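To start, the structure itself, in structure tokens.
The values are calculated or read from the model by the stated rules, or taken from the named source; none is laboratory data. For clarity, every value in this text was computed on a predicted model and none was experimentally measured. Neighbour counts run over all protein chains shown; Cβ positions are idealised from the backbone, glycine included.
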Amino acid sequence: MSRIPRGIPCLAVIVGIFGYLSSVMGFTNMLNTIMRTAHDLLLNTVFYLMAMCVLTAALSRIFSVFGVVDLLQKILKPVLRPLYDLPGVSSAGALMTFLSDKPAIISVAKNPLFSRYFKRYQHISLVNFAGSYAMGLLVIIFMMGHGYYTEPLYGLVGAVCGSIIATRLMQRLVLKEHPEYLTEDVISEAQGKEQETREPYETHPDDPRQTLFVRVLDALLDGGKTGVEVGLAIIPGVLIISTFVMMFTFGSDLQTGTYTGAAYQGTELLPHLAGKAGFLFHWLFGFQASELVAFPITALGTVGAALGLIPEMMTKGIIDSNAIAVFTAMGMCWSGFLSADAATLDSLGYRHFISRSFTCTFVGGIAAGVITHWLYFLVTSLISNLC
């Protein structure tokens with residue numbers, strides 16, 4: 001039997017994808033949208049993420065140098081170990097992503113003074129753990145700003161449950177493929193001590209030049225340099241993956257209903273496919289309208305864009321308190337993982353685990369939404385019966 005030439009399947013996939021996009025949007029509009037979306041992502045998203053990486057890397061270095069990481073390890077180890085099978089210092093990564101976004105974990109995870117507490121399988125699953133809290137502060141404040149004060153708290157509980165599922169599942173998949181990672185340290189004890197003595201602000205503690213101000217300044221600048229490197233590393237993943245996710249998620253121009261080649265236009269294929277299974281989303285998440293599926297679908301690419309859909313949903317009157325709670329949980333757990341997780345894992349040197357991380361994060365987000373819906377349903381039913 002003759003084999004198909006190696007390049008044929010690749011060409012078929014490329015032609016199929018671009019042929020579909022151009023048939024809906026028009027060839028010229030498709031090309032313009034791709035370029036303008038990537039350009040806007042570079043200017044308004046990547047540089048924003050780079051600035052965030054610089055700041056979080058500087059802060060994480062401060063935490064490392066002045067003992068905060070060690071303190072977290074001692075205090076939170078009894079909590080995180082049974083729930084996540086992670087060291088206590090993992091909470092620092094979750095805090096960084098909660099205050100900002102998924103890429104914040106890169107600067108923390110690449111810090112040797114932080115990663116020395118991890119076994120290899122734990123270090124890999126850190127992306128799923130910390131990523132489940134990404135942009136949590138922004139999501140919760142946004143929901144509260146629209147008059148929903150208790151619903152985001154249900155979502156936060158659901159996000160915690162989803163993060164446990166995603167982290168544990170990722171660890172299981174990693175160990176199934178690489179059992180040796182169970183005992184392999186990311187940074188050996190000897191390397192960790194060597195790293196400490198190599199730090200410029202720790203080399204000569206008795207040196208009169210090493211004042212508190214100098215040590216803080218050195219830590220901030222060294223951490224900031226790491227953040228710049230991280231920011232450059234995430235550019236390919238954000239531009240390539242986010243562009244195509246958005247082109248399959250968003251639609252035509254809202255005012256004219258036509259394609260103009262502007263940024264962030266697309267074919268709405270993903271929401272359309274999700275709408276076909278509206279009954280399933282009603283049972284799982286309690287959605288009363290199929291249009292609500294647009295939020296979690298959009299959150300696959302970027303939770304910021306997903307939040308932008310809520311005012312329009314409120315105007316149409318299709319959103320309710322249950323949906324807000326579910327949106328909070330799924331928005332935190334997913335938070336654009338199709339674009340962010342690939343760049344994050346790639347920069348940490350775990351590129352070959354990207355597909356497994358996608359699977360675990362997706363499952364964790366679904367679980368978070370289901371748990372939040374049924375938790376909200378049970379609590380509100382109990383309160384109504386008591387009243």
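Considering the range 188-244, the residues that are assigned to a loop (DSSP other than H, G, I, E, B), modelled with pLDDT of 60 or more and among the polar types (S, T, N, Q) include one that is surrounded by the most Cβ atoms within 10 Å (Cβ to Cβ), namely 210. Does the range 260-290 hold any residues that are modelled with pLDDT under 75 and touching a helix residue (DSSP H, G or I) at 6+ places or on another chain (Cβ under 7 Å), and which are they? Residues satisfying the conditions are 270, 271, 274, 275, 278, 290. Restricting the range 144-187 to residues that are of a type in the set (A, V, I, L, M) and not in a helix (DSSP H, G or I), the residue that is nearest to residue 124 (Cα to Cα) is 186.
In the range 27-36 there is at least one residue that is β-branched (Val, Ile, Thr), closer than 19 Å to residue 267 by Cα and either in contact with a helix residue (DSSP H, G or I) (Cβ under 8 Å, 6 or more places away or on another chain) or part of a loop (DSSP other than H, G, I, E, B) (or both).
Tallying residues that are surrounded by fewer than 22 Cβ atoms within 10 Å (Cβ to Cβ) and closer than 12 Å to residue 127 by Cβ within the range 354-387 yields 3. Looking at the range 170-187, which of its residues are buried (at least 16 other Cβ atoms within 10 Å of the Cβ) and either in contact with a Leu (Cβ under 8 Å, 6 or more places away or on another chain) or modelled with pLDDT under 55 (or both)? The answer is 175, 181. Restricted to the range 44-143, the set of helices (runs of 4 or more DSSP H) holding at least 2 residues that are surrounded by fewer than 19 Cβ atoms within 10 Å (Cβ to Cβ), modelled with pLDDT of 85 or more and of a type outside the set (S, T, N, Q) comprises 68-84.
Taking the range 285-303, which residues are hydroxyl-bearing (Ser, Thr, Tyr) and surrounded by 24 or more Cβ atoms within 10 Å (Cβ to Cβ)? Within the range 285-303, 298, 302 qualify. All of 336, 369 fail the test of being of a type outside the set (S, T, N, Q), touching a residue at least 60 places away in the same chain (Cβ under 8 Å) and at positive phi, apart from 336. Taking first residues from the range 263-282 that are more than 15 Å from residue 246 (Cα to Cα) and partners that are modelled with pLDDT of 80 or more and part of a loop (DSSP other than H, G, I, E, B), the Cβ contacts under 8 Å between residues at least 6 apart in sequence or on separate chains come to 278/287; 281/287; 282/288. For residue 307, the conditions (1) surrounded by 17 or more Cβ atoms within 10 Å (Cβ to Cβ); (2) touching a His at 6+ places or on another chain (Cβ under 8 Å) all hold with the exception of (2). Taking the range 301-387 as the region of interest, the helices (runs of 4 or more DSSP H) fully inside it that hold 3 or more residues being in contact with a Ser or Thr (Cβ under 9 Å, 6 or more places away or on another chain) are 303-307, 321-334, 337-348, 354-386. Residues that are in a helix (DSSP H, G or I) and at pLDDT 80 or above within the range 245-256 comprise just one, 247. I'm checking my understanding of the structure. Among residues of the range 267-284 that are assigned to a helix (DSSP H, G or I) and of a type outside the set (A, V, I, L, M, F, W, C), which one is surrounded by the most Cβ atoms within 10 Å (Cβ to Cβ)? Checked the range 267-284; the qualifying residue surrounded by the most Cβ atoms within 10 Å (Cβ to Cβ) is 271.
If I filter the range 19-35 for residues that are under 24 Å from the mean Cα position of the chain (by Cα) and of a type in the set (Ser, Thr, Tyr), do I get at least one hit? Within the range 19-35 (the criterion being under 24 Å from the mean Cα position of the chain (by Cα) and of a type in the set (Ser, Thr, Tyr)), the answer is no, since none of the residues qualifies.
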